[in-house]
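The values are calculated or read from the model by the stated rules, or taken from the named source; none is laboratory data. These numbers were taken from a predicted model, which means no experiment stands behind them. No Cβ is skipped: glycine too gets one built from the backbone with ideal geometry, and neighbour counts run over all protein chains shown.
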Ligand code: G6P
């Protein structure tokens, strides 16, 4: 059943493996009887009537929010901001005339996010919660809910909820864009299917990431992930994942920003993983990889098919440019899992962390 580990040694690896099935299930669940994607028209109406979208979340959900911003702005042309719940709660940004709030919360119970929702409800602004937990507090208290359909996520470190949030945001983005009258050259259901198959092929090769983790990360004190544009959003999540389960101090950096300070931390053998899926920034990120190599770093490049070079550590299958995070995050989840495993950590229950944090 959903709650047992089955033949898996840990929930985290089970949940990583489930991602292709989750993405397919999301597409099915958001399809109507005619096989067309459909979301409550009231949600689309209020969202597209808005002059600015505010995404509010914590932790991994916050990182998914940045990918959501990219997708929503691209497909709907509505300016979108991403906020950390705790900061938003205490220092609310100036709101536009017609704000629309999107809360991202796997559990639907995060207190930091809830206190923002209470405030914006009091102001009378419309809100939508994307959650994995029907009937959860954030679902009940928001005006609208969209479910992630990811199934129970038991490992403290979130994996399938991140990809599920991106998939649901992509569906929402496409339908909102069409509602605004944009003739989008995009079939998101089809593209999500391609992404699901691509994730499967990465998971089939998980030994590559186990090897890489054992050789280059399991005895490291620190590590870096770098990327630009959409890859920058993914490296923030990649770094969080590695930190929380392996306890390797990891920074996720905008590749271009490295030279403005953090490059001082590069020593002989420091692992630096670059993610390269965006053709417009690929050359620059490769340049940054060269800069760290010349300072002694151990560089590993994860690139998208077509942007790859012979020296790359792994080549990701091609997917739609707005959905590359769905595939590029998977190697980083596997790296976090195997590094934690080979360091002898409690993979599913990292020290000091809780699955859902119900205090501010
Ligand atoms: C906790 C978990 C994180 C999670 C965050 C937000 O800190 O350890 O993995 O990303 O809460 O949780 P939510 O349920 O709101 O997505």
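I'm checking my understanding of the structure. Among residues of segment 327-358 that are touching a helix residue (DSSP H, G or I) at 6+ places or on another chain (Cβ under 7 Å) and within 11 Å of the ligand (Cβ to nearest atom), which one is nearest to residue 206 (Cα to Cα)? Once the filter is applied, the top-ranked residue is 350.
Exactly one residue out of 246, 220, 201 is at pLDDT 95 or above and either over 20 Å from the mean Cα position of the chain (by Cα) or surrounded by 15 or more Cβ atoms within 10 Å (Cβ to Cβ) (or both), and it is 246. The single condition among (1) in contact (Cβ under 8 Å) with a residue 12 or more places away in the chain; (2) more than 16 Å from the ligand (Cβ to nearest atom); (3) out of contact with any strand residue (DSSP E or B) (no Cβ under 9 Å at 6 or more places or on another chain); (4) in a loop (DSSP other than H, G, I, E, B) that residue 307 does not satisfy is (3). Taking residue 63 as the residue in question, decide whether it is within 16 Å of the ligand (Cβ to nearest atom) and either under 23 Å from residue 231 (Cβ atoms) or within 23 Å of the chain's Cα centre (by Cα) (or both). It is true that residue 63 is within 16 Å of the ligand (Cβ to nearest atom) and either under 23 Å from residue 231 (Cβ atoms) or within 23 Å of the chain's Cα centre (by Cα) (or both).
Residues that are without any contact (Cβ under 8 Å) to a residue 40 or more places away in the chain and either at positive phi or in a helix (DSSP H, G or I) (or both) within segment 203-221 comprise 204, 207, 211, 215, listed in sequence order.
Note on segment 130-170: residues that are assigned to a helix (DSSP H, G or I) and free of Cβ contacts under 8 Å to residues at least 24 places away in the same chain amount to 1. The set of residues in segment 270-294 being outside any helix (DSSP H, G or I) and either touching a strand residue (DSSP E or B) at 6+ places or on another chain (Cβ under 6 Å) or surrounded by 15 or more Cβ atoms within 10 Å (Cβ to Cβ) (or both) consists of 270, 271, 272, 273, 274, 275, 276, 277, 278, 281.
The residues of segment 74-122 that are surrounded by fewer than 18 Cβ atoms within 10 Å (Cβ to Cβ), farther than 30 Å from residue 22 by Cα and either in contact (Cβ under 8 Å) with a residue 12 or more places away in the chain or within 10 Å of the ligand (Cβ to nearest atom) (or both), listed by number, are 92, 93, 95, 96, 97, 98, 118, 119, 121. Among the residues of segment 7-31, those identified as part of a loop (DSSP other than H, G, I, E, B) and surrounded by 10 or more Cβ atoms within 10 Å (Cβ to Cβ) are 8, 9, 10, 18, 30.
For every residue, the table says whether it meets (1) away from the ligand (no atom under 16 Å from the Cβ); (2) out of contact with any helix residue (DSSP H, G or I) (no Cβ under 6 Å at 6 or more places or on another chain); (3) not in a strand (DSSP E or B).
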residue	(1), (2), (3)
173	yes, no, yes
194	yes, yes, yes
201	yes, yes, yes
223	yes, yes, no
241	no, no, yes
